[in-house]
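Below is one structure, written out as structure tokens; comments come after it.
The values are calculated or read from the model by the stated rules, or taken from the named source; none is laboratory data. What you are looking at is a predicted structure, and each value in this text was computed from that prediction instead of being measured. Cβ sites come from the backbone with ideal geometry, for glycine too, and all protein chains shown count toward neighbours.
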Amino acid sequence: MPMVAALWTKTGAVVATIRRVAVSDGYFETLGIPMRKGRDFTQADRDDTPQVAIVDEAPVSVLGTGTPVG
């Protein structure tokens, strides 16, 4: 189920848009997109297991969380 969310600053400015899209395991490997950290989705990532997410560097830098892996 696709989802779109936005991140706002304290002043109310939209600084990033986050889009959720369901993909199958090996998605990034198939597209030839390397992971800087973490892992691609696997067959073990299902609706009945803890949810996982892969984010690019933009929301990480906006949120100032350092590393998103964990």
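Tabulated data for the structure shown
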{"quantity": "Flag for Thr49 being loosely packed, with under 10 Cβ neighbours inside 10 Å and at pLDDT 85 or above", "calculated": "yes"}
{"quantity": "Hey, Ala16 of a type outside the set (Lys, Arg) and either in a loop (DSSP other than H, G, I, E, B) or at pLDDT 85 or above (or both) or not", "calculated": "no"}
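Okay, residues lined up against (1) surrounded by 12 or more Cβ atoms within 10 Å (Cβ to Cβ); (2) at pLDDT 85 or above:
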| position | (1), (2) |
| --- | --- |
| Pro2 | no, no |
| Gly32 | no, yes |
| Ala44 | no, yes |
| Glu57 | no, no |
| Pro68 | yes, no |
